[in-house]
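The values are calculated or read from the model by the stated rules, or taken from the named source; none is laboratory data. The structure displayed is predicted, hence computed values, not measured ones. Cβ: placed from backbone, ideal geometry, glycine included. Neighbour counts: every protein chain shown. All accessible areas refer to the heavy atoms of the entire protein, side chains included, with ligands and DNA or RNA removed. Shrake-Rupley method; radii C 1.70, N 1.55, O 1.52, S 1.80 Å.
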Amino acid sequence: AEAIRHATAALELGPENNGVLYRLAVVYSLSGRPTDAVRWLRRAVEKGYSRLLARQDFDLDSIRKLPDVEALLREPR
């Protein structure tokens with residue numbers, strides 16, 4: 001819960017920052033909240049966060065095999 005509070009506070013300071021958005025995805029992934037994790041990961045990638053880095057991050061292991069995440073992290077067409 002504390003990590004989510006800190007990540008949410010960071011979001012207020014940088015709502016368009018892809019690194020902040022990505023960290024929210026990580027916090028939610030590690031907290032066992034896959035729906036929220038996928039939502040923030042999608043926003044981070046839309047704002048330019050590296051698909052390659054996300055594919056390599058062990059912190060996303062809990063959501064990596066979800067169809068939405070697999071599709072999102074594929075190389076852009």
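Can Ala44 be described as in contact with a Gly (Cβ under 9 Å, 6 or more places away or on another chain) and open to solvent by less than 40 Å² (accessible area, probe 1.4 Å)? Yes; evaluated as a whole, the condition is true for this residue.
Every condition in (1) exposed (fewer than 15 other Cβ atoms within 10 Å of the Cβ); (2) under 19 Å from Pro67 (Cα atoms) is met by Val38 except one, and the failing one is (1). Within region 48-60, residues that are open to solvent by 60 Å² or more (accessible area, probe 1.4 Å) sit with their Cβ atoms under 7 Å from residues that are not small (Gly, Ala, Ser), at 6+ positions apart or across chains, in these pairs: Arg51/Val45; Arg51/Leu73; Arg51/Glu75; Arg55/Leu73; Asp59/Val26; Asp59/Leu30. Of all residues in region 17-26, none satisfies the criterion of being open to solvent by 30 Å² or more (accessible area, probe 1.4 Å) and either among the aromatic types (Phe, Trp, Tyr) or more than 17 Å from Arg51 (Cα to Cα) (or both).
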